[in-house]
Amino acid sequence: MGDAAIALDTPGGLSDEAWLDLSEDEPGELVGGVLVEEEVADWIHETAVMWLLRVLGTWAASRGGFVAGSELKYLLRKGTGRKPDVSMVLPGQRPPPRRGPMRRPPDVMVEVVSPRPRDVHRDRIEKLRDYAAFGVRWYWLLDPATRMLEIYELGPDGRYVWAQAAAGGRVEAVPGCEGLALDLEDLWGELDRLGEEEPGE
């Protein structure tokens, strides 16, 4: 798809319904009625996502919560739809619908930051703004390049404020997630097992 945005469907762009109806084989997020390419995933990105799904999924399921991966579509507002790497509905909250898109915010959205400047800008600026406006209480950024986990909480003014950051060790008190512990050294160890980039890449 390249870096260019693609407008489909009508001269006015891609409708919400048309984006929601796109098959899983058609990647892209909806931004201003335009289909925009998603980040290009690699083994680092996907290993981090799978680690989060395992850890958060185990914790949430045992308490009645829900965790979903990156193909779940959220319609944030008219003309804007996102597909976070991980999203979580915390225990005790209203369960997500069985089918169809999510039109209400989960409690947590997580993005694994990719190294391309465009992806960093999207996760740290565009999505931070979009998720705050959508009402997502907790926004996590996991950056494998800097080996940092940052957690932001939505403030009463509708803006995210820093809640916690960690670079390693075991995070015993995760804001908003009682009883959840994150062993970041375990994650970094999984990433370290990956091979070096091969010639020609």
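The values are calculated or read from the model by the stated rules, or taken from the named source; none is laboratory data. What you are looking at is a predicted structure, and each value in this text was computed from that prediction instead of being measured. Reconstructed Cβ throughout: ideal geometry from the backbone, glycine too, with neighbour counts over all protein chains shown.
Given the criteria in contact with a Ser or Thr (Cβ under 8 Å, 6 or more places away or on another chain), closer than 21 Å to Leu30 by Cβ and surrounded by 11 or more Cβ atoms within 10 Å (Cβ to Cβ), does Val136 qualify? In short, no. What are the pairs, 6+ residues apart or on separate chains, where a residue within the range 98-119 that is closer than 19 Å to Ala48 by Cβ and of a type in the set (Gly, Ala, Ser) has its Cβ under 8 Å from a residue that is at pLDDT below 95 and in a loop (DSSP other than H, G, I, E, B)? Qualifying pairs under 8 Å: Ser114/Glu39; Ser114/Val40; Ser114/Ala41; Ser114/Asp42. For the range 7-50, a residue qualifies if it is farther than 21 Å from Leu128 by Cα, modelled with pLDDT of 85 or more and either part of a loop (DSSP other than H, G, I, E, B) or aliphatic (A, V, I, L, M) (or both), and the qualifying residues are Leu14, Ser15, Ala18, Asp42, Ile44, Met50.
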